[in-house]
1. Rounded to whole Hz and in sequence order, give me ³J(HN,Hα) for the stretch 208-213 from the Karplus expression 6.51 cos²θ - 1.76 cosθ + 1.60, θ = phi - 60°, writing x for Gly and Pro.
2. Are there any chymotrypsin sites (Phe, Trp or Tyr not before Pro) in the stretch 1-62 that are in a DSSP loop and have at most 13 other Cβ atoms within 10 Å? List them by number.
3. Of the accessible area of the chain, with the probe set at 1.4 angstrom, what percent is carbon plus sulfur?
4. Using the scaling law 2.2 N^0.38 Å as the reference, what is the normalised Cα Rg of the stretch 147-194?
5. In this model, which of Lys25/Lys170; Lys25/Lys134; Lys25/Lys268; Lys188/Lys268 are farther than 30 Å apart at the alpha-carbon?
6. Keeping all protein chains in place, calculate the accessible area per residue for the chain (probe 1.4 angstrom), answer in Å².
7. Between Thr176 and Ser82, what is 0.36 nm times their sequence separation minus the Cα-Cα distance? Round to one decimal in nm.
8. Which of the lysines could a cross-linker span from Lys118 if the Cα-Cα distance has to be under 17 Å and same-chain partners fewer than 8 positions apart are dropped?
Amino acid sequence: MLGTLVANPWFAYFGTRTIYQGSAKGLCFPGFNCYACPLALFSCPIGALQQSFALLSPRFKSVSASQAAVTAVKRAASYPVSALLYVVGFIGLVGVLTGRLVCGWICPFGFLQDLLYKIPTPKLGLPRWMRFGKYFALVVVAMLIPYITGVHWYSRLCPAGSLEGALPLKVLPPKTPLPEVGWFFWLKIAILVVFLAWMVVTKRPFCRTACALGGAYAALTPFSFYRMQVDSAKCTSCGECKKSCPVDINIYENANSPECVRCLTCKKECPTGAVTSGFGRPSASSIFERESGPPA
């Protein structure tokens, strides 16, 4: 909840109906939060990453100043390559320092998924192969396609963008006129509805299958300085960690799994106190550690 408020404190919008365009929009928020949200103060790292690649695209053309992500990237750096280095450096720094700690503590969309999963319904697991979807979203949809087309397609289809940006702007439109609602708007809403329904029956499906920022942080988690540890002498493999885990993993199978969002719920719920965490230097063995066991 606190992360949501920190990312979206521009309550002046309700009085002015003007989206914030100040210097803070040139800074990235560590979590996954739509820059187009009328309350957003910062840029989304993935939105900025896409725009950096779009600026480098041979197909890139001048765009309207109303596109806040482009404006943010241009303010952050004078040249497209510098903008890309800034965004990649920001994501890399957060990922190397904390892994996916951001996903577990300050991501507004992750918070929503945790809330929806609490709705009492029959629950479904997630096949292990679907976890690779977030890497596809990062490399192909958020990086390669914007470079080829000059268009930030990930943001245009993102369910978080629809929920935090498109819908609020339709309900409480800004002073600047918005485009007419067409088929593409309804496509975005359909994608949002599918994910919202999925969130009710599966633990954090967007984080685990389609979040490009989660994919970036997951790739860096094995190298991060914030580490999880499991004392094998204390661990009884009782499964309480998986029951409480928002991404449905057994922490004892791989303490620093790329899937782990560092929410520390397993640490709290472990009946023997086998799970600990803290900052330390990653070892070669932990970097190449792999999960075992049945698919989640």
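The values are calculated or read from the model by the stated rules, or taken from the named source; none is laboratory data. Everything quoted here is computed from the prediction, not taken from an experiment. Heads up, the Cβs are rebuilt from the backbone with ideal geometry, glycines too, and the neighbour counts pull from every protein chain shown. Each accessible area value is taken on the protein alone, full model and side chains, heavy atoms only, with ligands, DNA and RNA left out. Shrake-Rupley method; radii C 1.70, N 1.55, O 1.52, S 1.80 Å.
1. 8, 10, 9, 7, 5, 5
2. On the way: sites: Trp10, Phe11, Tyr13, Phe14, Tyr20, Phe32, Tyr35, Phe42, Phe53, Phe60; in loops: Trp10, Phe11, Tyr20, Phe32, Tyr35, Phe42, Phe60.
Of the chymotrypsin sites (Phe, Trp or Tyr not before Pro), the ones in loops of the stretch 1-62 whose Cβ has at most 13 other Cβ atoms within 10 Å are Phe11.
3. Numbers: 9860 of 13990 Å².
On the chain, the fraction of accessible area on carbon and sulfur atoms equals 70 percent.
4. Against the empirical 2.2 N^0.38 Å value, I get 1.20 for the stretch 147-194.
5. Checking Cα-Cα distances, Lys25/Lys268; Lys188/Lys268 exceed 30 Å.
6. Details: 13990 Å² over 296 residues.
In whole numbers, the chain has 47 Å² accessible per residue.
7. Working: separation 94, 0.36 × 94 = 33.84 nm, distance 3.05 nm.
Value of the extension gain: 30.8 nm.
8. The reachable lysines, counting only those whose Cα sits under 17 Å from Lys118, are Lys203, Lys242, Lys243.
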